[in-house]
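One structure is given here, and the rest of the page talks about it.
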Amino acid sequence: MTKATAQEEFGRTVLGPIVADFCLRLWDLQSLLPDPDRFAALFCARGGLRMNLCFQHFCAATKLTPAIAGSDFMVSRLVALRAALVEPLESGVLGPAAAAALHYEFERGGLQPAVNAICGIDTPSDETTSTTGTQILEALRSPAFRDAAHAAITDQTALFQTHLQQVSGARRHIMLVDTGLYGTTGQLLAEAFPDVTFSTALMARSFRPLRGATAVPSYGLLTESADYRVEFAHTALLRYWQYIEWLFEPELPSVRTFAPGPDGPVSNLQRDGYRARIQPTAQTAFAGVVSYLDDLPTDSATRLAQDVPAAWRRFQRALVLPDARAVDALMIGVRSHDFGRDETWHLRAWNGPLAALRGSSMWREGEITRSGTKLRIPLLLGVEAAYVARRVHRRRKRPTP
């Protein structure tokens with residue numbers, strides 16, 4: 001079996017039922033909303049574009065009608081952060097969501113990449129290796145950058161806000177649909193547009209404490225967990241999250257900027273032919289997913305009750321105890337970091353058993369299996385045992401009520 005064939009087969013038999021389960025849960029969630037005409041479902045670029053496509057295929061096959069209107073939404077964490085900085089540029093005080101995003105994304109990068117990513121302003125190189133959100137805001141408000149930063153941020157946010165109003169039909173209740181994990185985009189948008197009520201429906205949800213931020217109801221429709229739990233196969237999504245992002249994100253740039261267009265603002269993602277890139281390509285995992293969705297019967301619940309549990313078991317085993325076939329199906333190569341930067345994550349070269357257990361790796365288990373080492377099984381079991389030990393340690397550290 002070729003690598004392409006392995007990917008498509010895995011997409012159809014394993015990922016297909018899992019994605020169908022997500023689509024059914026999303027449909028259920030929307031059907032529970034009171035006064036659904038007041039809501040809009042916005043599928044967040046980039047991954048949400050293919051999630052919307054999957055949801056459409058699922059509803060067409062099962063003859064289910066979505067309760068609320070859905071649209072593609074040209075957004076990114078960078079765009080949402082920029083909108084959340086409009087008010088702090090005037091007041092000099094960061095909101096909790098904006099402060100957290102600046103800290104998480106730029107703490108170790110210095111002022112230069114932060115200012116460049118947010119405003120597109122080329123700044124003199126500096127030797128700082130760490131920075132805070134407050135320092136970034138002070139730089140944006142400094143005489144050196146104030147006028148250019150204010151113009152860039154407010155002009156881009158005005159275009160983005162027009163796009164938001166267009167795709168939502170100016171509704172005041174918006175359900176953001178995205179892959180996951182923390183609901184950061186929703187928190188930033190809630191801070192930027194307090195007159196709009198946001199909620200977030202994610203495939204998987206994890207937790208990052210954010211005190212003082214606007215409460216944004218968030219739902220992990222397939223799993224909600226702080227980390228991987230051996231006894232719950234659904235949480236295996238968190239072991240190799242880059243794969244889920246890779247599955248849904250088409251080969252299109254992250255949304256960074258908007259420009260005026262004849263029918264409203266147009267993002268840098270929406271270049272000529274971009275819709276064709278959202279469609280499945282033959283012999284890919286995503287093609288297998290869509291094929292499974294198209295073959296669902298009208299009574300999909302019965303089919304999914306049979307397929308989904310087995311799919312989760314296969315998914316967990318493929319991730320934590322992969323063989324060569326699983327590596328062919330799941331290896332993705334390079335992933336971009338985004339957030340206005342060109343940094344990427346790469347697969348590490350094999351440097352021996354000890355090196356495989358250390359440091360950061362997109363998919364440590366795949367790295368071990370791909371090496372061909374005779375220690376594959378002991379190493380994989382050791383990694384799994386480490387996750388169990390970490391969870392026990394964290395549980396013991398929790399304060400007793």
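The values are calculated or read from the model by the stated rules, or taken from the named source; none is laboratory data. Small disclaimer: the values here were computed from a predicted structure and weren't measured. Cβ coordinates were reconstructed from backbone atoms using ideal geometry, including for glycine residues, and neighbour counts include every protein chain displayed.
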Q: Quick one: residue 266 ticks every box in (1) out of contact with any helix residue (DSSP H, G or I) (no Cβ under 8 Å at 6 or more places or on another chain); (2) closer than 24 Å to residue 26 by Cβ; (3) surrounded by 15 or more Cβ atoms within 10 Å (Cβ to Cβ) except a single one, so which number is it?
A: (2)
Q.
Where the second residue is surrounded by 18 or more Cβ atoms within 10 Å (Cβ to Cβ) and the first is at positive phi and lies in region 248-268, which pairs have Cβ atoms under 8 Å and are six or more apart or on separate chains?
A. 264/163
Q: For residues that are of a type in the set (Lys, Arg) and crowded, with 16+ Cβ neighbours inside 10 Å, scanning just region 349-390, find the one that is modelled with the highest pLDDT.
A: 376
Q. Only one of (1) under 25 Å from residue 104 (Cα atoms); (2) touching a helix residue (DSSP H, G or I) at 6+ places or on another chain (Cβ under 6 Å); (3) at pLDDT 95 or above; (4) among the aliphatic types (A, V, I, L, M) fails for residue 190. Which number is that?
A. (2)
Q: State the number of residues belonging to region 220-241 that are in a strand (DSSP E or B) and more than 17 Å from residue 311 (Cα to Cα).
A: 2
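Here are 297, 322: which of them is in a loop (DSSP other than H, G, I, E, B) and either exposed (fewer than 15 other Cβ atoms within 10 Å of the Cβ) or out of contact with any helix residue (DSSP H, G or I) (no Cβ under 7 Å at 6 or more places or on another chain) (or both)?
Values: 322 fails: either exposed (fewer than 15 other Cβ atoms within 10 Å of the Cβ) or out of contact with any helix residue (DSSP H, G or I) (no Cβ under 7 Å at 6 or more places or on another chain) (or both).
Sole residue among the options that is in a loop (DSSP other than H, G, I, E, B) and either exposed (fewer than 15 other Cβ atoms within 10 Å of the Cβ) or out of contact with any helix residue (DSSP H, G or I) (no Cβ under 7 Å at 6 or more places or on another chain) (or both): 297.
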Q. Residues in region 164-182: is at least one at pLDDT 95 or above, closer than 30 Å to residue 55 by Cα and among the aromatic types (Phe, Trp, Tyr)?
A. no
Q) Picking from 85, 140, 42, which residue would you name as being more than 19 Å from the chain's Cα centre (by Cα) and modelled with pLDDT of 95 or more? A) 85
Q | Among the candidates 179, 154, residue that is surrounded by fewer than 23 Cβ atoms within 10 Å (Cβ to Cβ) and under 23 Å from the mean Cα position of the chain (by Cα) | A | 179
(Q) So if I check each of 92, 48, 109, 70, which one is at positive phi and either crowded, with 24+ Cβ neighbours inside 10 Å or in the same structural domain as residue 158 (by TED's automatic domain parsing) (or both)? (A) 92
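Could you pull out the residue among 14, 86, 79 that is within 20 Å of residue 278 (Cβ to Cβ), in contact (Cβ under 8 Å) with a residue 24 or more places away in the chain and not aromatic (Phe, Trp, Tyr)?
79
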**Q.** Matching residues, region 175-218, being within 27 Å of residue 384 (Cα to Cα) and in contact (Cβ under 8 Å) with a residue 24 or more places away in the chain
**A.** 179, 180, 181, 182, 202, 203, 204, 205, 206, 207, 208
Q | Matching residues in region 256-306 - criterion: being of a type in the set (S, T, N, Q) and either under 26 Å from the mean Cα position of the chain (by Cα) or over 26 Å from residue 63 (Cβ atoms) (or both) | A | 257, 267, 268, 270, 279, 281, 283, 284, 291
(Q) Please list, ordered by residue number, the helices (runs of 4 or more DSSP H) wholly in region 99-202 having 3 or more residues that are within 30 Å of residue 68 (Cβ to Cβ) and in contact with a Gly (Cβ under 7 Å, 6 or more places away or on another chain). (A) 146-168
Q: Identify, from the list 20, 41, the residue that is in the same structural domain as residue 174 (by TED's automatic domain parsing), under 18 Å from residue 220 (Cα atoms) and not in a helix (DSSP H, G or I).
A: 41
Q. Among the residues of region 326-335, which ones are more than 14 Å from residue 11 (Cβ to Cβ) and modelled with pLDDT of 90 or more?
A. 327
